[in-house]
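Inspection log for the structure reproduced underneath, given as structure tokens.
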Amino acid sequence: MRVDKYLWCIRYYKTRTLATTACKKGHIKVNNDVVKPSREVYPLDTIQLRKDQINYTLQVNDIPESRVGAKLVDIYRTDTTPKEQFEAKELLKYSKDYYRKKGTGRPTKKDRRDIDDYTDENE
């Protein structure tokens, strides 16, 4: 089975087009080789893919006939992604939280003065 179709079948990508695009961009490796979307995958292959700033590592257990339900995905792959990858994504999410709520517009004059005072203190 093609690698793009496999990743679509085991629900890592919502469409085959997204999986194909990820292959073309070099986000997917099979056995440590960057692959084209047409590359065949076989049981016991190792797939590494980068999606949503996480480097997933998968072991192919079996090849599905077609797209499978979410509960049956574990039959066809073993996820060996280190937990540190998921923790790093959580830290990224917290680092993006600002003191201002999203959609409140430009900083006010007071906010600008506070920012200037803060940067002057740190220099």
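Please treat every number below as a calculation from the coordinates, not as lab data. These numbers come from a predicted model, not from an experiment. All Cβ positions, even for glycine, are placed from backbone atoms using ideal geometry, and neighbour counts span all protein chains on display.
Principal semi-axes of the equivalent ellipsoid, √(5λ) from the alpha carbon gyration tensor of the range 1-71, are 16, 14, 12 Å from largest down. Any chance you could give the angle, 0 to 90 degrees and rounded to 10, that helix 83-95 forms with the longest Cα principal axis of the chain? The answer is roughly 30 degrees. Students often get this wrong, so check it: of Lys24/Lys71; Lys29/Lys83; Lys29/Lys89; Lys14/Lys36; Lys5/Lys71; Lys25/Lys71, which have C-alpha atoms separated by over 27 Å? Distance filter (> 27 Å) returns Lys24/Lys71; Lys25/Lys71. Note on Asp62 and Thr108: the model spin-label points, each 7 Å out from Cα along the C-beta direction, lie 6.2 nm apart. Helix 109-122 axis versus longest C-alpha principal axis of the chain: approximately 80°, rounded to the nearest ten.
Local charge for Ile63 was computed over the other residues whose Cβ lies under 15 Å away, with Lys and Arg +1 and Asp and Glu -1, and equals 0.
Counting only trypsin sites (Lys or Arg not before Pro) that DSSP places in a loop and that have at most 13 other Cβ atoms within 10 Å, the longest clean stretch of the chain runs over 26-66.
Note: the chain, Cα convex hull, 168 Å³ per residue. Close amide H partners of Asn55, meaning residues 5 or more places away or on another chain with modelled amide H under 5 Å apart, do not exist here.
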